[in-house]
Amino acid sequence: APAMPSASVLNLLRQRALPHVDFKNPAEVLASLNVRFPTYDHNGLYFTMWYGVYDTTTRNLSYGTAGHGPAILVPADKHETQPLGMSAMMIGMMPDQSYEVAQITVPPGSTLFVFSDGAYEIVTKDGERWELENFLPLLMAPSVPDVTEPERVYRAITQVVKPGPLDDDLSLMALTFP
């Protein structure tokens with residue numbers, strides 16, 4: 001059931017089909033989606049979202065969140081992680097919800113990781129339940145030749161997670177800025 005609203009949202013964003021919305025403004029996009037996908041019209045379903053807009057000229061990344069965990073920006077030297085997110089209500093929960101926008105200048109060679117909570121809310125082989133802080137070191141690990149960053153991180157997760165299928169869905173995207 002949750003796949004249908006996500007497909008609808010994806011199509012609305014691809015086609016820029018939200019009327020009177022500046023797609024360069026994350027707060028406007030999130031607020032418009034919130035109005036169009038109320039939980040009472042969608043069998044109680046809601047969704048979370050991280051939305052960002054990158055300006056290639058200024059290297060400025062504007063972003064907003066709606067109940068989603070932060071994206072993580074990792075500089076080229078991989079010496080730290082910087083969370084990009086803020087606390088906000090999920091899409092569809094409250095009709096008049098407003099959303100905030102934050103901005104950051106992205107240093108050259110940085111990688112932005114956007115992922116679902118299934119990437120870090122795992123149970124390890126030792127029975128330990130991970131949180132975000134347990135996952136962050138995986139993002140700073142060295143790159144592996146001929147392996148994409150999402151694949152490298154996924155392989156690292158599979159090395160620590162308990163045997164069997166993952167308990168939650170896992171989505172992971174990595175964007176490296178020239």
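The values are calculated or read from the model by the stated rules, or taken from the named source; none is laboratory data. All of these numbers come straight from a predicted model, not from anything done at the bench. As a convention, Cβ positions derive from the backbone with ideal geometry for all residues, glycine included, and neighbour counts pool all protein chains shown. Side chains included, ligands, DNA and RNA excluded: accessible areas come from the protein's heavy atoms. Shrake-Rupley method; radii C 1.70, N 1.55, O 1.52, S 1.80 Å.
What to note about this one:
- Neighbourhood net charge (15 Å Cβ-Cβ; Lys/Arg +1, Asp/Glu -1) for Asp167: -3
- Rounded, prolate or oblate (a/c below 1.5 giving rounded, otherwise prolate when a/b exceeds b/c) for the chain by Cα gyration tensor: oblate
- Dipole magnitude of the chain about its Cα centre (Cβ charges: Lys, Arg +1; Asp, Glu -1), debye to nearest 20: 400 debye
- DSSP loop GluC sites (Glu not before Pro) with at most 14 other Cβ within 10 Å excluded, longest remaining stretch of the chain: 1-79
- Under 12 Å, Cβ to Cβ, from Phe23 - net charge with Lys/Arg +1 and Asp/Glu -1: +1
- Ligands, DNA and RNA left out, the 1.4 Å accessible surface of the range 54-119 is 51% carbon and sulfur atoms.
- P(r) histogram, all alpha-carbon pairs of the range 39-108 included - 10 Å bins from 0, percent: 19, 41, 26, 11, 2
- In plain terms, the chain from Gln82 to Asp169 could stretch by 29.0 nm, reckoned as 0.36 nm per residue minus the Cα-Cα distance.
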